[in-house]
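Since the structure comes first, as structure tokens, the remarks are kept for the end.
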Amino acid sequence: MELAYYSDYAVRLVNSEEPARGNDSLTSVGAVRDLFGGNQSAARRATDADVTRFRSVRARLRTVFEAADTGDETLAVDLLNSLLLEFPVSPQISGHDFRDDDGRPLWHMHLADHPSNATAGYAAIAAMGLAFHLTEYGVDRLGLCEAAPCRNAYLDTSTNRSRRYCSDRCATRANVAAYRARKRQEADRSEKTGLAADSAHRSSAKGAR
């Protein structure tokens, strides 16, 4: 599996809540299972107790993104290391689902699911995936959307480290808002310039009399 697949576990969990909007989709065991995507064998282990546990892990993962977003690299790494210590992974060599032209397995590294409970398994994969991404690309590749009030987490994979929004939708909304703000400023300046010119004209007329 690619590292992007594992790190997406962290993004999906963090973005199950939008604090600024008061939205939280992580309210049932079904929502927990949906976060696993295609990993249904792991999803089936989820119980009602995992809802609260997932929320706790989610809050801790968000603090990693928040620290990275503010440029505090050391704090981001420390927070992520604490998750890695608490939720260790079990790396294994796997060849499932991938075959070469001769039908032989294409061996690759796989992070095995933690057997104790659904939260431990998910947290281990999410933390390790995020750690892979951070060490490979840099802490500044972890961000929070700048399109207020979104603040969804994202992983910047752009070639020039220019990503600022979690989606094209947020980028468009932010650009439209910025355009409208510029137009309002231009209108305000034009109005002030017009008022100033009118005032100067009246003063000049009074002086001429």
**Complete:** Taking the alpha-carbon centre of each part, the distance from the stretch 1-44 to the stretch 125-187 in Å is 19 Å
**Message:** For the stretch 12-72, take the convex hull of the Cα atoms, compute a quarter of its surface area, and give me that in nm², please.
**Reply:** 4.5 nm²
**Request:** Could you please report the charge total around LEU79, scoring K, R as +1 and D, E as -1 over all other residues with beta-carbon less than 15 angstrom from its beta-carbon?
**Result:** -3
**Prompt:** Per residue and in cubic angstrom, what volume does the convex hull of the Cα atoms of the stretch 51-163 have?
**Reply:** 139 Å³
**Request:** Treat every Asp and Glu Cβ in the stretch 73-168 as -1 and every Lys and Arg Cβ as +1, leave all other atoms uncharged, and give the resulting dipole magnitude about the Cα centre to the nearest 20 debye.
**Result:** 200 debye
**Prompt:** Taking the stretch 91-180, which trypsin sites (Lys or Arg not before Pro) meet the DSSP loop condition and have no more than 16 other C-beta atoms within 10 Å?
**Reply:** ARG161, ARG163, ARG164
**Message:** How big is the dipole moment of the stretch 1-145 about its Cα centre under a simple scheme where the beta carbon of each Lys and Arg is +1, that of each Asp and Glu is -1, and everything else is neutral? Debye, nearest 20, please.
**Reply:** 500 debye
**Request:** Would you check the accessible area of HIS133, probe 1.4 Å, heavy atoms only, in square angstrom rounded to 10?
**Result:** 10 Å²
**Residue-level accessible surface for ASP24, protein heavy atoms, 1.4 Å, Å²** = 50 Å²
**Asked** For the stretch 1-43, with only Lys/Arg (+1) and Asp/Glu (-1) charged at the beta-carbon, what is the dipole magnitude about the Cα centre, in debye rounded to 20?
**Response** 80 debye
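The values are calculated or read from the model by the stated rules, or taken from the named source; none is laboratory data. Just so it is clear, the structure is predicted and the values come from calculations on it, not from any experiment. Note that each Cβ is placed from the backbone with ideal geometry, even for glycine, and that neighbours are counted across all protein chains shown. Protein only, heavy atoms only, side chains kept; ligands, DNA and RNA dropped before computing areas. Shrake-Rupley method; radii C 1.70, N 1.55, O 1.52, S 1.80 Å.
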